């Protein structure tokens, strides 16, 4: 069977995408570590919890929403728990399950971290593009996600801001008041 090799144009696009995939996570992580003493994944965990009712999710649901294995998430949440950013407790509906809830210090950390994180995302991604390119980037990512996540397992994460109308999302703000 002959391999359908990438032509020069396709290779150019692939190599650039690969470079972005390699460089962007480090840029985001470095800014958050420097400014807020949290990793990009810890920020993501806090952001997901901030949008959950009562800033609480079962660990299995939090793992699904962050696309993390349960062992990896448990390790990260334990580290965050020691810093009092989150707390774990038995799920009242199912004592075999464990819930994670954002603690007051986690909420404060997320609110302090969000402006710098958004500024970094804006500087390195959004402001580098025209409005038309931002729309094209969303369309390109949608096409890639249709292949990478055909069952839509992660769609709740990447489609939650798709609905037109209403207020623009405020980074780091959940649906409920202070914990």
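No value in this document is a laboratory result; all are computed from the given coordinates. Fair warning: this is a prediction, and the values are worked out from it, not measured in the lab. Here the Cβ is made from the backbone with ideal geometry for all residues, glycine too, and neighbour counts use every protein chain on show.
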Select from 42, 142, 163 the residue whose mean-square fluctuation is largest in a Gaussian network model of the chain (Cα-Cα springs shorter than 10 Å). 163
Ranked on Cβ counts within 10 Å of their own Cβ, fewest leading, 44, 89 go 89, 44
Hydrodynamic calc, region 11-151: Kirkwood Rh from Cα pairs, then Stokes-Einstein at 4 °C with viscosity 1.567 mPa s, so D in µm² s⁻¹ is 77
Just to confirm the number: angle between the C-alpha axis of helix 131-148 and the first principal axis of the chain, 0 to 90 degrees, nearest 10? 80
What angle do you read, to the nearest 10 degrees and between 0 and 90, between the alpha-carbon axis of helix 8-36 and the longest principal axis of the chain? 30
I need the P(r) histogram for region 87-165: all alpha carbon pairs, bin width 5 Å from 0 out to the longest distance, whole percents. 3, 11, 11, 13, 17, 17, 13, 8, 4, 2, 0
Give me the angle, in degrees from 0 to 90, between the Cα long axis of helix 104-124 and the longest principal axis of the Cα atoms of the chain, rounded to the nearest 10. 10
Let's test this: bin the Cα-Cα distances of region 1-57 at 5 Å from zero up to the farthest pair and state each bin's percent. 4, 16, 14, 13, 13, 11, 9, 8, 7, 4, 1, 0
